[in-house]
Structures are given as C-alpha cells and as structure tokens.
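Reviewing the structure listed below.
Just so it is clear, none of the values below were taken in a lab; they were calculated from the coordinates. What you see is a predicted model; the values in this text were computed from it and never measured. Cβ placement follows ideal geometry from the backbone for every residue including glycine, while neighbour counts extend to all protein chains displayed.
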Amino acid sequence: MFDPQSDAAAGAMSEQAAEEAPFDMFEQWFAEAGQNEINDPNAMALATADEDGLPDVRMVLLKGYDTEGFVFFTNTQSSKGAQLTANMRASAVLHWKSMRRQVRFRGPVECVSETEADAYFASRAPDSRIGAWASRQSRPLGSRQELEDAVAREGARFGTGDVPRPPHWSGYRVRPTYVEFWSDRPFRLHDRFVFSRQKPEGTWNQGRLYP
C-alpha cells in the first residue's frame, strides 16, 4: 500500500510519476481507493460556471476513464448540462478522506458518443432508467408526490419492456489539461504532484507544487 506520509513513498511517487502518464497513476490510486474508501470511491465534485462566470459545483459519479479523459453521465437539460452547453470546460476533484488523498483535474469537455451513452444507460437498474425519464432535473418541483407520480406514469408507460435512453440524457468527457495528485503529509507539508499540458493532444509536463 502506498503510504503518503512516508518519505520513501514521496520519493517513489515522484519517480513513478516521472515514468508514467497521469492516467496510469490515477488507475493505481483509484484501485486503492476502491479497496479502502468506505463509500463511493468514484464520487467527485464537478465544477462548471454559469453565464455570469459564477462557479457552480455538485457531486457526481465518475463512470469511466481512459487516456482520453474522465466520464460522467447526466440529464443534459440540468443546470450543469446547460452550463456545459454554453461553456464546454469543467474541473473536478475526487477526495478519498480515509486515504488522505485527492486528485483534481480540469480541461475542455466533450459529449460522449451515442453508442457509449446507450451502453452505460442500458447497464443501469430499471428503476434508475425510469427515473431518468421522470425527473426534470434542476427544475422546480412542487412536492415529493409530484415526483413519485411522474415515476409511476413512466413506469406504467414502459411496463416490463425495455426502457430506452431519453434523448436528454447522455454523458460528458473531461479531457484534462491539468491533473494534480495530492497526498497528506505531516504539519501540512503535503505532496502535490502535477501534470499539465497546453491542450488535450499535447505532451504532459510534470512537476511539484508547494503545499
């Protein structure tokens, strides 16, 4: 197990990061979080900005990653969907409190393919698929009963048949130009190792930041 509080581990992190792309390092940390974090190791705070430039942040679930970027899914007519339509850039952070680690990244955003969105939607539980049709995400709701009635209507409409992906439900991929790995260290002298590049197709630069 990587121990972020040991001097040897800090050195090992530096050497490893010098040899591997950030996605390789993320894969290692994410796997360890899956074994050690109590709840939702894939939970991340996602930040977008509204038309006035005011930041907006909420928790979402990371549902995939590879060398192209980090993927999450949502109602595209939600607040974050509207904000991303206007400004296809975002940042996010995963915080693993039990491990005293976090990873944050930012960059331009792109929509996932229809095939990718369909495949993930089909993997969801039937009730979750019904909920995607019933929820007018981010818009005013008069009462809980109103939501439950909408769920009941959509459930009756689809019955026991297949529930297709709504046209307003899809995924986004953050293509990072900046990735930072943070490890807790004594006396707040934390480790911060950074990968950065000018554009998603660019070459990564690596370095450390003062805590």
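Assorted remarks:
- Look at the dipole of the chain built from charges on Cβ: of Ala119, Val60, Phe26, the Cα furthest out on the positive end belongs to Val60.
- Correct choice for Rg/Rh (Cα atoms, Kirkwood Rh) that was computed from the model, options [x] 0.95; [y] 0.99; [z] 1.03: [z]
- J(HN,Hα) series, the range 172-185, from Karplus relation 6.51 cos²θ - 1.76 cosθ + 1.60, nearest Hz, glycine and proline x: 10, 10, 7, 9, x, 10, 8, 9, 10, 9, 10, 10, 5, 9
- Fully extending the segment from Gln77 to Leu189, taken as 0.36 nm per residue of separation minus the present Cα-Cα distance, adds 36.1 nm.
- Counting charges near Trp96 (Lys, Arg +1; Asp, Glu -1) among other residues having Cβ under 11 Å from its Cβ returns a value of -1.
- Under 5 Å, built H, 5+ apart or other chain: amide partners of His190: Arg185
- Summary value for the chain: 22 percent relative contact order, contacts being C-alpha pairs under 8 angstrom separated by 6+ residues.
- In order through the range 150-167: 3J(HN,Hα) via Karplus (6.51 cos²θ - 1.76 cosθ + 1.60), integer Hz, x for Gly, Pro: 5, 5, 4, 4, 5, x, 5, 5, 8, x, 9, x, 5, 10, x, 6, x, x
- Rounded to the nearest Hz, the phi-derived 3J(HN,Hα) couplings of the range 119-135 under the Karplus curve 6.51 cos²θ - 1.76 cosθ + 1.60 (θ = phi - 60°) are 5, 5, 4, 5, 7, 6, 4, x, 5, 5, 5, 4, x, 5, 6, 7, 8, where x marks glycine and proline.
- Cβ charges +1 (Lys, Arg) and -1 (Asp, Glu), total dipole of the range 20-113, debye: 300 debye
- Point-charge dipole on Cβ atoms (K/R +1, D/E -1) for the chain, about Cα centre, debye to 20: 560 debye
- Using alpha-carbon coordinates, inclination of helix 7-19 to the longest axis of the chain, degrees: 70 degrees
- Inter-label distance, nm, simple model (7 Å from Cα along the C-beta direction), Glu114/Tyr210: 5.3 nm
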